[in-house]
Amino acid sequence: MELTSRTNATATVISPGASNPEDSDSGQLKPRVYPRGWRLHTLTAGLCLSMLLSTLETTIVSTSLVSMANELQGFSQAGWVITAYFLTYTGFLVIYAKLSDIFGTKLLILIAVTLFAIFSIACGASSTMLQLIIFRSIQGVGGSGIYSLVTVMTPLMVPPAKYPTYIAIISSVFVISSVLGPLLGGAISDHTTWRWVFWLNGPGGAIALVLLSISIPFSFPYPGPARFFSTLVSERAWRRVDVLGAFASLAASILLVFALEQAGVEYPWNSAPIIACFVLSGFGWIIFIGWERRLSMKKSVCEPMFPWRLACNRFVLGLLLNAFLTGFPFMAAIITIPQRFQVVNGTTAVDAGIRMLPLLLCSPVATVLASLLLSKLRLPPLYVLLGGCSLQTLGVGLFSSLDSFNLDAPSFQYGYQVLMGCGFGLNLSTVLMMVPLVVKQRDMAVTMGAATQIRVLGGTIGLAVCSALLSNHVASQTSGFLTLGQQSALLQSFQNVRGLPLELQVRIRQVYAAGYSQQMRVMLYFCIASLVSLILLFEWPPRKLQTTEDGEIVAPKD
């Protein structure tokens, strides 16, 4: 087997699928096994393909919704096609990460890819809108597992010294797919049936399954015999699962995302269903926090979903807060800037995507730069995060200053995209690269999962805020020259503007231009907050990537 092994000299290692450290009868630290050569390249390709498919589904459907609704005759339910995916996608991120500690990362990611591929095909074969919504929710469970486990597996498959390089690769795939989604969805809808939006995941998922299956053993990342079914039927393994914590976090996340996605769309913000969801979500988070603290304080086989020692670690809290706040402007920029091009400047979906290339190309370049700064130049991650937050704040601030009444697309806005792209790329990757510097190996998976989930949650909240701001702005500013019927039709779909006189169309585009600028000004506040959150990471001297002679990252002090 083309593998190398190293001994982690800085932290006790718990093998995935093993019940606890005492499973090693000798008490010796277990050697880590890393794939190399063709196995490493195959595994990297499998993880990148899986990540690409999973993150594409968060945006690719948006430009195909009209075609789906028309064919399945369910326009009033069309929004649920997106909401259903986000509900389960957000809720299962931390759950997958924790379960991978118990049942093994290889087993969990194969299950996730299989679920994703099968129910993607089912989505494409749907004959009613209800079927599509149900299948999309289960597809989201698989997509969530892929996203979570790819971030968990990345630091396990290479020596820590190479970790920044590989997290840069994964982060680049995430950024590219986020922008590529609407373009690909629009191209598919224009040239073939919308069902291929989902059917393409079938062969793609099958290829990913093959790549992952042949590249890594089930004992990953440690040597030893594969324990596939024995782990699943192990009573001790199942006793380690924090069922109440998982249910509380899942329910709280789903209720919160549902309220944010549906408020101002299906229900008013002050309606009983939305208020009830916010209240129940709050109770869910209180129960989760209280239970995790109680479980962490007593000795039990059951392992908390989020150990309380992480909640008491200011560096972990700083990383999570920064990831959460960065999620706001990142998702807002990815989704609303192409919309601005289409609505204000009248471009096609494909042309809008091309105009996003400065941000699209600079983000991956910045992730690679972050890798070089951390691994080669040994620059402290705090400095890289400081630079990333500053660049994204500057870029978002300048973009919000665009002339709201200029219907042309000024060329200097592409420079603003460059600043935003560099800032996002530096931030999103460095947060993950810094995790091994603030937690020990036993907490790596759950911390990575938490950082991923809270970033997605921040992005979801950011999109909800942007949607509410735009709807309120358009409604208030057009009330003087549009009838209530025209306003309702406009808020339902911007395409309805084509039936209005040319003079009104120009005035409406001006209103939308001002609305999009207002969105970015609000996102600027979150950029500033993300910059302030770095105070929690401050120390002197700031920690930086340090490795032992065997290439292992020096573990943080307790």
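Coordinate-derived values only; no laboratory data. Predicted model only: the values in this text are computed from it and were never measured. Glycine also receives a Cβ, built like all others from the backbone with ideal geometry; neighbour counts cover every protein chain displayed.
Per-structure values
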item: Gained length - residue 244 relative to residue 45, 0.36 nm times residue gap less alpha-carbon distance; result: 68.1 nm
item: Computed magnitude of the charge dipole of segment 264-416 (debye, nearest 20; Cβ of K, R +1, Cβ of D, E -1); result: 920 debye
item: Members of 298/440; 106/162; 298/544; 299/440; 162/299 lying beyond 28 Å, as alpha-carbon distances in this model show; result: 298/544; 162/299
item: Most positive-pole-ward Cα, 454, 382, 256, against dipole of the chain from beta carbon charges; result: 382
item: Cα-centre dipole for the chain with unit charges at Cβ (Lys and Arg positive, Asp and Glu negative), debye to 20; result: 900 debye
item: Cα-based equivalent ellipsoid of segment 387-479: semi-axis lengths in Å, sorted from largest, via gyration tensor; result: 34, 19, 7
item: Volume per residue that the Cα convex hull of segment 288-352 spans, once the total is divided by residue count, Å³; result: 122 Å³
item: Distance between modelled label sites at residue 497 and residue 350, nm, 7 Å Cα→Cβ extension; result: 2.2 nm
item: Descending principal axes extents, the chain, alpha-carbon based, whole Å; result: 81, 52, 46
item: Space enclosed by the convex hull of the alpha-carbon atoms of segment 490-529, per residue, Å³; result: 57 Å³
item: Percentage relative contact order, the chain, counting C-alpha pairs under 8 Å, at least six apart; result: 20 percent
item: 19 Å tail of the calculated P(r), segment 42-161, as % of Cα pairs; result: 46 percent
item: Rounded D (µm²/s) - segment 405-547, Kirkwood Rh over Cα pairs, Stokes-Einstein at 37 °C, 0.692 mPa s; result: 175 µm²/s
item: Most positive-pole-ward Cα, 188, 138, 300, against dipole of the chain from beta carbon charges; result: 300
item: Additional length obtainable on full extension of the chain from residue 206 to residue 365, 0.36 nm per residue less Cα span; result: 54.3 nm
item: Prolate/oblate/rounded label for segment 246-349 (Cα gyration tensor, a/c 1.5); result: oblate
item: FRET efficiency for residue 161 and residue 535, using Cβ-Cβ distance with R0 set to 30 Å, rounded to 0.05; result: 0.55
item: Protection proxy ranking of 423-431, 212-220 - average other beta-carbon atoms within 10 Å, highest first; result: 423-431, 212-220
item: Fraction of alpha-carbon pairs over 21 Å apart in segment 316-410 - percent; result: 43 percent
item: Those residues of segment 451-481 whose amide nitrogen sits under 19 Å from the label point placed on residue 487, 7 Å along Cα→Cβ; result: 467-481
item: Spin-label model distance (nm) - residue 191 vs residue 127, 7 Å beyond Cα toward Cβ; result: 3.1 nm
item: Three-way shape call for segment 86-157 based on the alpha-carbon gyration tensor, with the a/c threshold at 1.5; result: prolate
item: Radius, Kirkwood style, for segment 304-558 when every pair of distinct Cα atoms is counted (Å); result: 19.7 Å
